[in-house]
Amino acid sequence: MTVLGAGVMGSAFTSAILKAKVSPFPGKINLCTTDPNAVPILKSKYTEDYIHVVTDNETKSKAVAEADVIILGCKPFHYKGLYEEVKDSLSHEPLVLSLLAGITLKQLSIFTPNIARIMTNTPAQFGCGMATVAFSPEAEKNHKEIVLKLADTLGTAMEIPEKNMDAATALVGSGPAFCLLMMEALYDGGVRMGLQHDVAKTAAAKVMEGTAKMVLETGDHPAVLKSKVCTPGGTTIGGLLKMEDAGVRGAIARAVEEAAEISASFSK
Ligand SMILES: NC(=O)c1ccc[n+]([C@@H]2O[C@H](COP(=O)([O-])OP(=O)(O)OC[C@H]3O[C@@H](n4cnc5c(N)ncnc54)[C@H](OP(=O)(O)O)[C@@H]3O)[C@@H](O)[C@H]2O)c1
């Protein structure tokens, strides 16, 4: 396996695959980066003898030529330049998994016909991310199985049609930042009302973690669970009405809309 662009997401995917000990194991792993500052960090993080950190173009081309699976982890606007660097090493048509926001399967098909897009997020580095996966219509069944198995190491993988990938980019990829803003606001509110910082931080995080677990385990719509917490005349309904007055629901939903539109613009 070769990771072209072993930054935040490329490393997160590598760590998830290693942690899950997924089978078939990718064998030799090449982590390619153009960032000299990343080299010592990657070398100290991945000490296994089958993992190699690659920085020069010649070794990168070799790493591409010998890989069955290539993970594309560069920034979206770098993909064409990266293709130019490695195009002569792609004749064996490896399976290419793109983590890039916005860049379509059609655009990525310059690399190989065996292409899949995965949209994941930073919690994936702890194995609790979300991964949406889109395949080209020509994708073979065994390739799909391998990709979904690899994507599942990131947390939870679900196949979706490519036309929904920009929406998934917004919800899955940008979603952690939106949740962190909400978490920060809960933290601030707790501190404002006198909680110690460490208590407020842990409480805000555990409240979000526990609430997410409740939705996943019950399968109930969030509105149903929310309604159950609202005692008539109580504290929660009072707080919720303040949030509705401030337009919090619309603002968050519109944040997803905006992020999806920006993702769609990357392919233009
Ligand atoms: N971060 C997120 O939360 C998130 C969520 C979902 C999806 N994504 C997607 O994941 C992709 C990567 O994002 P990221 O946050 O992981 O970015 P990142 O940390 O900046 O990683 C990108 C890496 O690719 C390297 N690179 C650039 N050009 C290269 C080349 N020609 N050959 C080899 N390596 C090259 C970069 O090196 P330099 O620094 O030297 O350029 C960097 O190490 C993006 O396309 C983004 O859309 C990110």
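Structure above, values below:
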{"read-out": "Cβ crowding within 10 Å averaged over residues, with 109-119, 253-263, 225-235 ranked highest first", "value": "109-119, 253-263, 225-235"}
{"read-out": "Per residue Cα convex hull volume in Å³ - calculated over the chain", "value": "151"}
{"read-out": "Heavy atoms of Ser89: accessible area, 1.4 Å probe, square angstrom to 10", "value": "20"}
{"read-out": "Peptide ranges 45-52, 160-167 listed from the most packed, as the mean C-beta count within 10 angstrom indicates", "value": "160-167, 45-52"}
{"read-out": "Residue pairs, from the table Lys28/Lys163; Lys43/Lys80; Lys45/Lys106, whose Cα atoms sit over 30 Å apart", "value": "Lys28/Lys163; Lys45/Lys106"}
{"read-out": "Cα centroid separation, the range 178-253 to the range 20-67 (Å)", "value": "41"}
{"read-out": "DSSP-defined beta bridges in the chain - what % are antiparallel, rounded to 5", "value": "15"}
{"read-out": "Karplus-derived HN-Hα couplings along the range 173-178 (A = 6.51, B = -1.76, C = 1.60, θ = phi - 60°), whole Hz, x at Gly and Pro", "value": "x, 8, x, x, 5, 5"}
{"read-out": "Stretch gain in nm, segment Lys144-Leu180, where the contour uses 0.36 nm per residue and the Cα spacing is subtracted", "value": "9.7 nm"}
{"read-out": "Nearest-10 value in Å² for the accessible area of His78, using the 1.4 Å probe", "value": "100"}
{"read-out": "Label-to-label distance, nm, for residues given as Lys206 and Ala253 (7 Å Cα→Cβ offset)", "value": "3.3"}
{"read-out": "Candidate aspartates and glutamates - alpha carbon under 20 Å from Lys87, same-chain residues fewer than 8 apart omitted", "value": "Asp56, Glu58, Glu66, Asp68"}
{"read-out": "Lys201 - accessible surface, heavy atoms, 1.4 Å probe, Å² rounded to 10", "value": "120"}
{"read-out": "Over 21 Å [Cα-Cα, the range 1-142], rounded percent", "value": "37"}
{"read-out": "Cα lying deepest toward the dipole's positive end in the chain, options Ala67, Thr120, Gln196, charges on Cβ", "value": "Gln196"}
{"read-out": "Top of Ala12, Ala168, Ala177 by mean-square fluctuation, Gaussian network on the chain, Cα under 10 Å", "value": "Ala177"}
{"read-out": "Ellipsoid equivalent to the range 175-265 - semi-axes via the Cα gyration tensor, in Å", "value": "23, 18, 15"}
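The values are calculated or read from the model by the stated rules, or taken from the named source; none is laboratory data. All of these numbers come straight from a predicted model, not from anything done at the bench. All Cβ positions, even for glycine, are placed from backbone atoms using ideal geometry, and neighbour counts span all protein chains on display. SASA here: full protein model, heavy atoms, side chains in, ligands and nucleic acids out. Shrake-Rupley method; radii C 1.70, N 1.55, O 1.52, S 1.80 Å.
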